[in-house]
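*Asks:* Here it is, the structure in full.
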Amino acid sequence: MAAGGAALGYTVYLFPIDRLSLGLSIFALFTVFFSSYLQIQLPRTKLYFTISDTLIFIALLNYGGEAAIVLATLESLFTSLNFKRKGIKIKTKTLFLNGAIAALTTFATVHLLRLLFDSVSDFAAGSMTNFVKIVSVMALAQFLSNSLVVSLFATTKDDKSFWKIWNENCLNALIIYVAGAFAAGFFTKAFQQIEPFTIGVTIGVSALIYLTYRRYLNDIKDAAAKAELAERERTDQAERHIEELQHYIGEQERIAQALRESHERYRHAAFHDDLTGLPNRNFFIDMLKFLLERAKYQEDLKFAVLFLDLNRFKTINDSLGHLAGDRLITHVAQRLTSLMREGDLVARFSGDEFGIILKDLPADEYCAHFADLVRRRLLTPFTLNGRQVFTSVSIGIAVYNNSKYQEAEDILRDADIAMYYAKRRNKNFMVFDQTMHARAVTLLQLETDLRHAIDRDELLAYYQPIVDLATMKLKGFEALMRWKHPQRGIVPPVEFIPVAEETGMIVPLTLWILQESCRTLAGWQARSPLNHSLIVSINLSGKHFAQPDIVDQIRRIILETGVNPSSVKLEITESAVMENAEATIMMLKQLRALGVNLSIDDFGTGYSSLSYLHRFPIDTLKVDRSFVSTMEDGSENGEIVRTIIALAKTLNLDVVAEGIETIHQLHQLRILGCEYGQGYLFSRPVPLDEAQEILDDPTRWQNVIPNNNPASVAQNREFTHLTIAN
Ligand code: C2E
Ligand code: MG
Ligand code: MG
């Protein structure tokens, strides 16, 4: 600024007053006040093409260097002021700096020209070469000095190098200076050589071109502005959209978080059993999964899974009520918990089922030892509703010992199967082995198949003849069920009756065979009066005693088939009768009221108490096959058969011996006065058509005994009777 001030001061001091004229004044006013308005920004650049440069060059060429320096300074100050007025922030200091730069650079140009050329004013008169030289030097000098000062100044504000700034911001301005200088030269020459009319036209045309170009540029600018506006709107829209999306995502995350939290809450609830406060089955399974994971890295990991099921819980629950049942469960849970070591786990699955994981088994026998601990811990009775209640558990154990288990559920399933075996065999515990699994799978398949057996007509009634041992004539048949399995062929009842009993399928099965055999018998009886005394025996499962409407069902079938009820005999095994003696007596009485006969099957194996026996409303005892098959003279079993027969006589009951296979057995039974017999000696159970043949030949067994003499049998009866009586 000091240098600029000095240059300006020196210039004003030397200013040739005589050159001041009206023309110069008008020219100066125009340059200072209007030229800066007439500027055009070159499209896509930061460069402004203004005519002020041209005007200053014209002043230099026509009115001398001093006039140019002063004009350049004033014009720069005014332009800067104008910026300030337009709201562009320019400090006063910058304003003076701009003025100083203009003064300094024009000063440099003027004095360089004066140094190189004797008189610039002679320029007009000079040759064309001179003209080009002066104009070129003028343009270059003005450009160099200006760009030099501006770039130098900019390096103090920016960390870019001087050359970089000069290259980026100033180099392009060279063209403006060259164009301005040549325009100025052209006008100066034109003023001096051409008459005023042409000058006027030239200025007019130039103005016209200028205005047209400016308008063209403005149009482009407008279009660009509109495009930019549209672009900005699009951007705004996109931004709004993104904002909305972000908001949405945020919201989703918030919801997910809330869900996660509630899920977590649900899991503390989902992993515990409310009644006992113990972990539940889910928790138990998770723990097993965890152990299985650990087993992948720890080869010697060994643990045991125990499946516990209370015995007789249903009875307690039904007789004392659910509240008492719940309290029993809670007490059992507490006693089990007291047996746990550090790291072991006890969980309640459901109802009366518990699970235990024993980790780090110290020895092979530990499981058995622990099962015995549980048994003893539960031995002390529980007090519920002021009553002492006893319970015990059946425990199934599956051991994980570097074994094949992949799934937690599999270990639990095996422990469950072992528990089932323990319960069936009345054992405190059983350890799972593979044969149990195979059997369980078969059973499951059997159960599924059995459900379809009736619909698919796969059931058959076989008939085994019952023979009057005194006359050796046919007395009747026992109907025995067979299942014609599509893959396995004929399945014997020992395989499927227990499954049917467990699943409740036994009810429809019994009704089916009852209907089938009663219809057959009714048919036979209708055919011949000889058949009127025939009877048919049907086996009734102990499970029916929990089925109150079974009596009605049997009555319905008897009515429907039209069979004489006194020709029907229902067999109930001794063990089934004794399982629930009082209830059985009630039901037997109802059946008896229908007019049917009742028989106790497999007698001698079910530990009947004699006090009950005479209260059972029965007609017949069936001596179990096991005694008959091993009866020999003088053997213990022979004595048992003898005693049963005597007992039957005393109670006025018929006796049927089952399982007669030899003539010898037959002889013995006849001597003992046994009235009826059944066994392979006479016939195996046979299908209906073969039973029909037997029926048509009722005396076929007459010659089985060579000297068949009914009288001697009758004598023996007396004898037996007398023996017992004595
Ligand atoms: P159960 O009622 O005691 O029937 C007698 C069983 O002894 C029959 O076996 C019969 O074939 C067999 N048997 C008869 N004589 C001899 C013989 O001389 N030697 C030998 N070794 N066995 C003989 P099955 O038919 O296999 O029936 C077995 C058990 O299945 C029956 O014993 C009965 O408890 C049950 N059962 C059969 N059918 C039915 C049914 O329809 N309903 C019910 N609830 N149980 C049935
Ligand atoms: Mg039977
Ligand atoms: Mg039997």
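The values are calculated or read from the model by the stated rules, or taken from the named source; none is laboratory data. For clarity, every value in this text was computed on a predicted model and none was experimentally measured. We place every Cβ from the backbone using ideal geometry, glycine too, and count neighbours over all the protein chains shown.
*Asks:* Take segment 608-654 and flag every residue that is of a type in the set (Ser, Thr, Tyr), within 16 Å of ligand 3 (Cβ to nearest atom) and within 60 Å of the chain's Cα centre (by Cα).
*Replies:* Ser608, Ser626
Here is a yes/no grid of residues against (1) within 22 Å of Val149 (Cβ to Cβ); (2) exposed (fewer than 13 other Cβ atoms within 10 Å of the Cβ); (3) small (Gly, Ala, Ser); (4) at pLDDT 85 or above:
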position: Ala7; (1), (2), (3), (4): yes, no, yes, yes
position: Thr11; (1), (2), (3), (4): yes, no, no, yes
position: Pro16; (1), (2), (3), (4): no, yes, no, yes
position: Arg19; (1), (2), (3), (4): no, no, no, no
position: Ile26; (1), (2), (3), (4): no, yes, no, yes
position: Ser36; (1), (2), (3), (4): yes, no, yes, no
position: Gln39; (1), (2), (3), (4): yes, no, no, no
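*Asks:* Among the residues of segment 620-635, write down those that are loosely packed, with under 15 Cβ neighbours inside 10 Å and either among the polar types (S, T, N, Q) or under 16 Å from Thr584 (Cα atoms) (or both).
*Replies:* The answer is Ser635, and nothing else.
*Asks:* Take Ser533 and tell me if it is within 16 Å of ligand 2 (Cβ to nearest atom) and touching a Lys or Arg at 6+ places or on another chain (Cβ under 9 Å).
*Replies:* no
*Asks:* Going through segment 577-601 one residue at a time, which ones are within 16 Å of ligand 1 (Cβ to nearest atom), within 25 Å of Val563 (Cα to Cα) and touching a helix residue (DSSP H, G or I) at 6+ places or on another chain (Cβ under 9 Å)?
*Replies:* Thr584, Met587, Leu588, Leu591, Val596, Asn597, Leu598, Ile600, Asp601
*Asks:* Quick check on segment 636-668: of everything there that is among the acidic types (Asp, Glu) and under 20 Å from Val704 (Cβ atoms), which residue is surrounded by the most Cβ atoms within 10 Å (Cβ to Cβ)?
*Replies:* Glu658
*Asks:* If a residue must be of a type in the set (A, V, I, L, M) and either within 16 Å of ligand 3 (Cβ to nearest atom) or more than 19 Å from Val596 (Cα to Cα) (or both), how many such residues does segment 506-525 contain?
*Replies:* Within segment 506-525, residues that are of a type in the set (A, V, I, L, M) and either within 16 Å of ligand 3 (Cβ to nearest atom) or more than 19 Å from Val596 (Cα to Cα) (or both) number 3.
So that you can scan it fast, the table gives a plain yes or no per residue for (1) more than 27 Å from Gln434 (Cβ to Cβ); (2) among the hydrophobic types (A, V, I, L, M, F, W, C); (3) at pLDDT below 95; (4) within 36 Å of the chain's Cα centre (by Cα):
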| residue | (1), (2), (3), (4) |
| --- | --- |
| Ile329 | yes, yes, no, yes |
| Lys359 | no, no, yes, yes |
| Asp364 | no, no, yes, no |
| Gly396 | no, no, no, yes |
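Quick grid of which residues meet (1) without any contact (Cβ under 8 Å) to a residue 60 or more places away in the chain; (2) hydrophobic (A, V, I, L, M, F, W, C):
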| site | (1), (2) |
| --- | --- |
| Asp53 | no, no |
| Asn62 | no, no |
| Glu75 | yes, no |
| Ile88 | yes, yes |
| Thr94 | yes, no |
| Arg114 | yes, no |
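*Asks:* Looking at segment 540-553, which of its residues are modelled with pLDDT of 85 or more and surrounded by fewer than 20 Cβ atoms within 10 Å (Cβ to Cβ)?
*Replies:* Ser541, Gly542, Asp549, Val551, Asp552, Gln553, listed by residue number.
*Asks:* If only one of Ala179, Ala154 is surrounded by 13 or more Cβ atoms within 10 Å (Cβ to Cβ), out of contact with any His (no Cβ under 9 Å at 6 or more places or on another chain) and in contact (Cβ under 8 Å) with a residue 24 or more places away in the chain, which one is it?
*Replies:* Every option except Ala179 fails the conditions.
*Asks:* Just to confirm my filter: which helices (runs of 4 or more DSSP H) fall fully inside segment 580-694 and include at least 3 residues that are more than 16 Å from ligand 2 (Cβ to nearest atom)?
*Replies:* Qualifying helices (runs of 4 or more DSSP H): 581-593, 610-613, 636-650, 663-671.
*Asks:* Next question, about the same structure. Please specify each residue of segment 477-505 satisfying the condition of being surrounded by 22 or more Cβ atoms within 10 Å (Cβ to Cβ) and either under 14 Å from Ile554 (Cβ atoms) or within 16 Å of ligand 3 (Cβ to nearest atom) (or both).
*Replies:* Selection gives Phe477, Glu478, Ala479, Met481.
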